[in-house]
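Colleague: Structure in structure tokens, see below.
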Amino acid sequence: MNDKIPARLVLYFLSWSGFLVSFMMRNDMNFALVAMISNDNSTHNQSIIGPQPVLVGGTEDQTSIVKSVIISSFYWCYVLSQVAGGVATEMFGTKCVFGWSQLATALCSVLMPLAAQLHYIAVIVLRSIQGFASGLTWPAMYAIVGYWIPLTERSRFMSSFQGFSIGIGLTYPLCGFILSEFGWPYIFYTTGTLGIGWCLLWYFLAYNTPREHPRITKKELNYIELNVSNEVKKFNRVKVPWLQIFRSLPAWAIAITTFGRIFIHYIFIVNGPTFMGNVLKFNFETNGFLSGMPFIGSYISSVFFCYVADKLLLYKVLRLTNVRKVFTALSQIIPGILIYCIGHIDNVHILLTVWFIAVIFITASYAGAMANIIDIAPNYGHSAAVLAFCQTIHMSASFISPLTAGFIVTQEDSIEQWRNVFQVSAIISICTYGFYQIFGTAEIQTWNKETPTDADLREGKILSKAKENKSIDEN
């Protein structure tokens, strides 16, 4: 019996929900640390239900160090695993890599309360494993897009990656509620259980290519194969041209401009709650709500931006390269200007409105530079490799950004110091886009061709020799 639901729509849901769950497991620690770690002067944990904090009685400096190491351990390993994600996807396929990486992250979440009772070093180890596993997910998912999604649908499909915005938006208020009602261990039990449940869906519903899908309709299969790029080859062994990727200016342009976008985005994600709590003086529940809501709106805006991008391509209003540059500019120049203004706005309502708009426009990147990766390298193994290369560079901003803010802001209630953070973020966001404007392109690169592996070459020589022998025998 044929599926009534298109297989591409199922893949969209799996991608969307996968990144949602992934980012819930990534960001739950930000709120749980309030109860997990305290010092002698802490008052946060007086109303928190649950086990004793991981580190009790330490000085303020000790507490700060432990917190920063626990948070940053995830992102160090996350950056290190990007190339590994590309290589693993090339070898084992998206279904295997994405699924197992999510399962590893989920199991670590479930084990986190036990690790916290042992020692904070055990927590750091689990967070490091989570970071490494999560770093595999993006190259894996990018690799599958070129095989499943036609060019005119690609920008819309990329909005599924914005499931992470919903994940962030849900995590902040959810963690606040769980902390108040049940205790911090249940934060990890909740996110970990969601992750394991998602893995079951992925196992039964995800497939690397349309031809592998046992329930896809013949009509949809023909549509996909007719409309995907001719440059996308059959799924088999490919030798990734790493040297050419490292030398590719378009690949560097994507990596550099996205570094600026990630830098400014993580100011909102990581430092936003601190700014709202210490400068705007919101209480914990209000802080969680206001910190999370812009990211819920981000998903809606990403769908809108990606829809408009696809229509501009479908009706040939703009060339593909120009579409990517326009939406990349929207994702970095506008937020750059707005975050600069935030430091000079006195009215809280206007400030929150500008804050909300800035976060929303950042998502335009998924119709811009982030979609550009598949444009220049649609081949299965190559797109994963390009993403791994770019992610290794631009995801370094995920820990450089909070470290920069921490270096500048020594008094968390000082608006002058926060104003400097916002100015630095604006400069980095706008300047990095300039490199993409000059060197960015959507043209498929010459190195995006299937290069036979050594095994293929040996196999070809054997076949050639067999043909020669057969010819001699016939003569």
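The values are calculated or read from the model by the stated rules, or taken from the named source; none is laboratory data. A quick note: this is a predicted structure, and the numbers were derived from the prediction, not measured. Methodologically, a virtual Cβ is constructed for each residue, glycine included, from the backbone with ideal geometry; neighbour enumeration extends over all protein chains shown. Areas reflect the complete protein model, heavy atoms only, side chains present, ligands, DNA and RNA absent. Shrake-Rupley method; radii C 1.70, N 1.55, O 1.52, S 1.80 Å.
Colleague: Quickly run through segment 252-277 and pick out the residues that are among the aliphatic types (A, V, I, L, M), more than 18 Å from the chain's Cα centre (by Cα) and open to solvent by 10 Å² or more (accessible area, probe 1.4 Å).
Modeller: Answer for segment 252-277, where residues must be among the aliphatic types (A, V, I, L, M), more than 18 Å from the chain's Cα centre (by Cα) and open to solvent by 10 Å² or more (accessible area, probe 1.4 Å): there is none.
Colleague: Residue check, Gly288 against (1) within 30 Å of Ile376 (Cβ to Cβ); (2) in contact with a helix residue (DSSP H, G or I) (Cβ under 7 Å, 6 or more places away or on another chain); (3) surrounded by 15 or more Cβ atoms within 10 Å (Cβ to Cβ), all met but one. Which one?
Modeller: So Gly288 meets the others, but not (1).
Colleague: On to the next question. Among the candidates Leu243, Leu249, Leu280, which residue alone is at pLDDT 85 or above, within 21 Å of Ala397 (Cα to Cα) and more than 22 Å from the chain's Cα centre (by Cα)?
Modeller: Leu249
Colleague: Just checking, how many residues over segment 54-86 are surrounded by fewer than 21 Cβ atoms within 10 Å (Cβ to Cβ), assigned to a helix (DSSP H, G or I), modelled with pLDDT under 80 and over 15 Å from the mean Cα position of the chain (by Cα)?
Modeller: Count: 10.
Colleague: Same structure, new question: Report yes if Phe295 is without any contact (Cβ under 8 Å) to a residue 12 or more places away in the chain and either aliphatic (A, V, I, L, M) or assigned to a helix (DSSP H, G or I) (or both), otherwise no.
Modeller: Here the answer is no, as Phe295 does not meet what is asked.
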